[in-house]
Amino acid sequence: MTDINIKRTQNSRINEVDWNNLGFGKIASDHIFVTDFIGGEWRDYRIEPYGPMPINPGNCTLHYGQTIFEGLKAFRTQAGHFNIFRPEMNGARMNRSAVRMCIPEFPVEHFVEAVKKIVEVDHEWVPRERGTSLYLRPFSFGTDDFLGVRPSQTYKLIIMTSPVAAYYEEGLNPVRIKVATEYIRAAKGGTGSAKTAANYAASMKAAQEAKKEGFAQVLWLDGITREFVDEVGTMNIMFVIGDELITPPLDDGTILAGVTRDSVLTLAREFGMNVREHRLTIGDVTSAFENGTLTEIFGTGTAAVISPVGELVYGDRVMRINDSKIGPVAQKFYDTITGIQYGEIEDTHNWIVQVNADEMAHA
Ligand code: COI
């Protein structure tokens, strides 16, 4: 691993944090990790103070959106260490997004080292309350000052961080979700499985309209038949129907390969549940609701963790799920995953990369 040069801020903003009102992504921590891709290689790994970056009006990403991002979290344990959840999964997924968007890959081991270092430098920013964490936002984008449409030849990769609480105002309380019938998010062959800005930009109109009607988010259907359930955009979606846990598969390349999705599926199989990665239609969902076999719906995501769906609305069909209360399956996954993240449940899967407070003190 190339050395990481560290330049610490002289003006920490940590006293500006309202720890009791963190919300999501409202304040950036003091430092960022930065590296530049120039002349065909990532170079000059550094940690520097967070602040404005100069950008040319002709920056290619502002015009054509050649950018990707990730989301992962660090948790403070009772023992005072810092647990980072599955960072190598995010590093690998970032590279898959990079390939799709013609952005150079970044070695996963360097990604994990950079993530550990930024958590170490800004460890004071990892909040203390259960349910809070330090959200890490790695992102990479083209930096060429050029208006032709082609992949940039230069890039930046940055990791910024932000102390956060729940993503949705509802917290662990069930959210209301509307099935999008007018707009689509992704189609086979498109960029749906890449964590790239365009997917999020394209989702905003539908989300804005749904929000006006009191929904937290929309559930996307496939872009071609508009029958198959895809994902929510800020989270993957899971259904408990009969004795099965069902979620859409990844093979169409239209949904994001969520880290929390993978963690839930792994745990579900260990719990002995019947797990099915299956292309479920919205018709299957409404029939299961009508015949009483649909007992739970919940979203999974790094930001959202486990987010129960209390009401799913499809056209004029209102499906109230489990009396709009969190169900036992969602609760069990929430308790297990957060238990592992906060170091309360043994990490038998090697999901945690720890920044050890004792080692930091002696460094
Ligand atoms: C995440 O869960 O980390 C996400 O990226 C979802 C959203 C905040 C964009």
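The values are calculated or read from the model by the stated rules, or taken from the named source; none is laboratory data. As the structure is a prediction and not an experimental result, all values here were calculated from the model. Methodologically, a virtual Cβ is constructed for each residue, glycine included, from the backbone with ideal geometry; neighbour enumeration extends over all protein chains shown. To get the accessible areas, we keep the full protein, side chains included, count just its heavy atoms, and leave off ligands, DNA and RNA. Shrake-Rupley method; radii C 1.70, N 1.55, O 1.52, S 1.80 Å.
I'd like the full set of residues that are more than 16 Å from the ligand (Cβ to nearest atom), under 16 Å from Tyr135 (Cβ atoms) and either in a loop (DSSP other than H, G, I, E, B) or out of contact with any Asp or Glu (no Cβ under 8 Å at 6 or more places or on another chain) (or both), limited to region 19-28. Spell out how you get there, then give the answer.
In the first step, residues of region 19-28 are kept if they are more than 16 Å from the ligand (Cβ to nearest atom); the result is 19-21.
With under 16 Å from Tyr135 (Cβ atoms) added as a condition, the list becomes 19, 21.
Across region 19-28, the qualifying residue is only Asn21.
Cβ-Cβ distance below 7 Å, separation of 6 or more or different chains: which pairs start in region 44-70 with a residue that is over 24 Å from Lys117 (Cβ atoms) and end on one that is assigned to a loop (DSSP other than H, G, I, E, B) and among the aromatic types (Phe, Trp, Tyr)?
These pairs meet every condition: Gly58/Phe146; Cys60/Phe146.
Looking only at residues that are free of Cβ contacts under 8 Å to residues at least 24 places away in the same chain and within 16 Å of the ligand (Cβ to nearest atom) in region 206-234, which one is surrounded by the fewest Cβ atoms within 10 Å (Cβ to Cβ)?
Filtering first and then ranking leaves Gln208.
Of the conditions (1) within 15 Å of the ligand (Cβ to nearest atom); (2) of a type in the set (D, E, K, R); (3) open to solvent by 40 Å² or more (accessible area, probe 1.4 Å), Lys188 satisfies every one except a single condition; which number is it?
(1)
Working carefully through the options Leu136, Leu172, Leu245, find the one that is under 15 Å from the mean Cα position of the chain (by Cα) and either assigned by TED's automatic domain parsing to the domain that holds Asp44 or closer than 15 Å to Pro308 by Cα (or both).
Numbers: Leu172 fails: under 15 Å from the mean Cα position of the chain (by Cα); Leu245 fails: under 15 Å from the mean Cα position of the chain (by Cα).
Just a single option satisfies the conditions, and that option is Leu136.
Results for (1) surrounded by 14 or more Cβ atoms within 10 Å (Cβ to Cβ); (2) within 16 Å of the ligand (Cβ to nearest atom); (3) more than 14 Å from Ser162 (Cα to Cα), shown as yes or no for each residue.
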| residue | (1), (2), (3) |
| --- | --- |
| Ile32 | yes, no, no |
| Phe37 | yes, no, yes |
| Met53 | no, no, yes |
| Tyr64 | yes, no, yes |
| Glu70 | yes, yes, no |
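So, in region 96-115, how many residues would count as being in a helix (DSSP H, G or I), in contact (Cβ under 8 Å) with a residue 24 or more places away in the chain and open to solvent by less than 60 Å² (accessible area, probe 1.4 Å)?
7
Given the criteria under 16 Å from Glu227 (Cβ atoms) and either free of Cβ contacts under 8 Å to residues at least 60 places away in the same chain or outside the structural domain of Ala206 (by TED's automatic domain parsing) (or both), does Val285 qualify? Write out each step before concluding.
On the way: under 16 Å from Glu227 (Cβ atoms): yes; either free of Cβ contacts under 8 Å to residues at least 60 places away in the same chain or outside the structural domain of Ala206 (by TED's automatic domain parsing) (or both): yes.
So Val285 fits the description; yes.
Glu124 passes all but one of (1) open to solvent by 10 Å² or more (accessible area, probe 1.4 Å); (2) within 16 Å of the ligand (Cβ to nearest atom); (3) not in a loop (DSSP other than H, G, I, E, B); which number fails?
(2)
Inside region 127-159, can you point out the residues that are within 13 Å of the ligand (Cβ to nearest atom) and open to solvent by 10 Å² or more (accessible area, probe 1.4 Å)?
Tyr135, Arg137, Phe139
May I ask you to list the residues in region 191-205 that are within 15 Å of the ligand (Cβ to nearest atom), over 30 Å from His110 (Cβ atoms) and not small (Gly, Ala, Ser)?
Within region 191-205, just Met204 meets the criteria.
In the list Gln354, Gln341, which residue meets the criterion of being touching a His at 6+ places or on another chain (Cβ under 6 Å) and in contact (Cβ under 8 Å) with a residue 60 or more places away in the chain?
Result of the check over Gln354, Gln341: Gln354.
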